Amino acid sequence: MLRSRVWLIAASVLILTGAPAAANAVEAPSVPPAVVDSESVIPTLFSGSTLNGTVPGGADGDVVQVYYDGRTDAAGPSATATASGPTLAWSAAQTLTPGSHTFRLVVTDGTTSSSPVTGSMTVVAAPTVDRLTGADRYQAAVAFSQAAFPTGGAPVVYIASGATFPDALAAAPVAVKRGGPLLLTTPDALPAPVQTEVERLHPASIVVVGGEVSVTPAVFDQLSDLATTVTRIGGADRYEVSRNLVRSAFTQSSMVYLATGTKFPDALAASAVAGGVGSPVLLVNGADSYLDEDSVDLLWNLHPNRIKVAGGPDSVTVRLEDSLQGIAPTTRNMGMDRFDAAATINYDDITSSPTIYVATGMTFPDALAGAALAGKGHAALFLARPGCIPQAVVRTAGIMGATSMVLLGGADSLDENVAALRVCHG
């Protein structure tokens with residue numbers, strides 16, 4: 001029976017602080033209840049993008065009617081969308097101007113309608129969208145280098161493995177500090193497009209990041225023909241490589257970022273910001289309760305006025321964070337997930353970014369090389385899902401006044417829904 005069905009309308013919403021809240025139920029005695037699964041009353045969208053959601057408890061073909069800014073039933077809905085697919089997803093058009101708006105949602109099967117659900121949302125001016133990519137991760141890094149150094153002439157080039165991330169996580173801020181890009185290589189052979197790019201840049205020196213397992217002597221020998229000086233910065237593990245990278249470029253730093261070396265998202269977001277403000281990223285074993293002696297000595301030598309921990313307690317423990325307070329005042333930037341954390345890390349030090357860069361948060365290569373590009377331009381680097389832009393990114397891009405968004409990587413990393421500024425649900 002139609003009257004026995006229960007509709008749930010789930011709208012794309014996210015609380016400004018990123019903390020989830022309980023769903024709100026609205027019931028009417030004569031029609032099935034409508035429930036908005038609201039993590040807040042304020043979803044954030046780009047102008048021209050779609051309002052997305054699902055209808056759990058509904059049926060394929062149910063129609064969601066959307067009324068914006070007090071539009072009446074007599075005037076008809078502002079937009080309609082049909083629920084379909086396994087999750088009964090729907091997507092409704094909106095052409096609202098930037099600013100605050102209201103919405104009212106009603107779901108119907110053509111005979112019976114749900115109770116209305118109302119809420120508020122913020123619309124952010126849509127940026128232009130461009131993409132930098134290549135046939136693979138190595139050629140994508142070349143494209144980033146070409147964007148950063150369109151006329152060539154970089155004094156130094158950093159080369160890291162594109163197969164694994166640990167050694168190179170701290171390399172981008174060092175590359176920015178010394179005025180060069182970060183290119184990627186396979187462990188055993190320098191890709192031809194990368195060699196061509198190094199020749200175009202004509203650097204006086206090349207720095208290989210990581211040990212001989214990450215970048216083999218064969219690659220080192222190839223690079224030796226491309227610059228007067230070729231050196232390697234390695235170490236017994238990823239943490240020693242990180243310390244040696246920091247020492248190679250920083251004798252002092254008023255601020256230091258700390259990130260776990262076991263996962264890549266937090267360190268990649270921090271690397272772009274750190275590069276832009278001229279600070280290093282130091283990798284640590286985030287599961288430890290205290291910092292190792294070598295890292296403590298390095299921090300004391302850098303004389304920071306502030307230490308910033310990237311990521312939540314699952315990435316770097318609270319006890320380790322507390323142990324840093326004796327060296328310098330220490331704060332933490334975190335979020336509900338890697339996407340929210342990256343937005344928080346960015347906004348803590350970048351309040352204005354007319355151009356923003358976006359890379360997938362699911363794999364490391366694009367953000368690894370892209371961090372040097374973003375850092376050189378003092379721009380924010382956000383992480384996104386492969387098929388949509390997290391609301392934390394939309395919200396922070398609006399606050400930063402972004403007018404241009406550059407996607408890093410191909411459609412396999414960030415698909416055409418991202419290019420169309422589709423905002424993630426929830």
Consider only pairs whose beta carbons are under 8 Å apart and that are at least six residues apart or on different chains; among these, list those whose first residue lies in segment 205-228 and is assigned to a loop (DSSP other than H, G, I, E, B) and whose second residue is at pLDDT below 95 and among the charged types (D, E, K, R). 210/167; 211/167; 214/167
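If I filter segment 193-203 for residues that are touching a strand residue (DSSP E or B) at 6+ places or on another chain (Cβ under 8 Å) and over 22 Å from residue 134 (Cα atoms), do I get at least one hit? Walk me through it before giving the result.
Within segment 193-203, the first condition is being touching a strand residue (DSSP E or B) at 6+ places or on another chain (Cβ under 8 Å), and the residues that meet it are 194, 197-198, 201, 203.
Next, from what is left, pick out any that are over 22 Å from residue 134 (Cα atoms): 203.
Checking segment 193-203: at least one residue is touching a strand residue (DSSP E or B) at 6+ places or on another chain (Cβ under 8 Å) and over 22 Å from residue 134 (Cα atoms).
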If only one of 317, 363 is farther than 23 Å from residue 424 by Cα, assigned by TED's automatic domain parsing to the domain that holds residue 148 and of a type in the set (Ser, Thr, Tyr), which one is it? 317
What is the number of the single condition among (1) under 30 Å from residue 230 (Cα atoms); (2) crowded, with 21+ Cβ neighbours inside 10 Å that residue 107 does not meet? (1)
So if I check each of 10, 89, 23, which one is at pLDDT below 90, surrounded by fewer than 14 Cβ atoms within 10 Å (Cβ to Cβ), at negative phi and under 32 Å from the mean Cα position of the chain (by Cα)? 23
Condition check: closer than 18 Å to residue 45 by Cα and modelled with pLDDT of 95 or more. Does residue 72 satisfy that? no
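For the condition of a type in the set (Gly, Ala, Ser) and touching a strand residue (DSSP E or B) at 6+ places or on another chain (Cβ under 7 Å), what is the one hit in 135, 160, 154, 189? Can you show your working first?
Numbers: 135 fails: touching a strand residue (DSSP E or B) at 6+ places or on another chain (Cβ under 7 Å); 154 fails: touching a strand residue (DSSP E or B) at 6+ places or on another chain (Cβ under 7 Å); 189 fails: touching a strand residue (DSSP E or B) at 6+ places or on another chain (Cβ under 7 Å).
That would be 160, the only listed residue that is of a type in the set (Gly, Ala, Ser) and touching a strand residue (DSSP E or B) at 6+ places or on another chain (Cβ under 7 Å).
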Checked against (1) surrounded by 18 or more Cβ atoms within 10 Å (Cβ to Cβ); (2) in a loop (DSSP other than H, G, I, E, B), residue 64 satisfies every condition except (2)
Among the numbered criteria (1) surrounded by fewer than 23 Cβ atoms within 10 Å (Cβ to Cβ); (2) assigned to a helix (DSSP H, G or I), which single criterion is violated by residue 152? (2)
Criterion violated by residue 15 - all others in (1) more than 22 Å from the chain's Cα centre (by Cα); (2) at pLDDT below 50 satisfied: (1)
Has segment 108-128 got at least one residue that is within 24 Å of residue 398 (Cα to Cα), among the charged types (D, E, K, R) and in contact (Cβ under 8 Å) with a residue 12 or more places away in the chain? no
Within segment 156-204, of all residues that are outside any loop (DSSP other than H, G, I, E, B) and of a type in the set (S, T, N, Q), the one surrounded by the fewest Cβ atoms within 10 Å (Cβ to Cβ) is 196
Just a yes or no: is a residue in segment 315-327 outside any helix (DSSP H, G or I), aliphatic (A, V, I, L, M) and more than 16 Å from the chain's Cα centre (by Cα)? yes
Test residue 129 against the criterion of being aliphatic (A, V, I, L, M) and assigned to a strand (DSSP E or B), and give yes or no. yes
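The values are calculated or read from the model by the stated rules, or taken from the named source; none is laboratory data. Quick caveat, the model's predicted, so the values are computed rather than measured. Cβ coordinates were reconstructed from backbone atoms using ideal geometry, including for glycine residues, and neighbour counts include every protein chain displayed.
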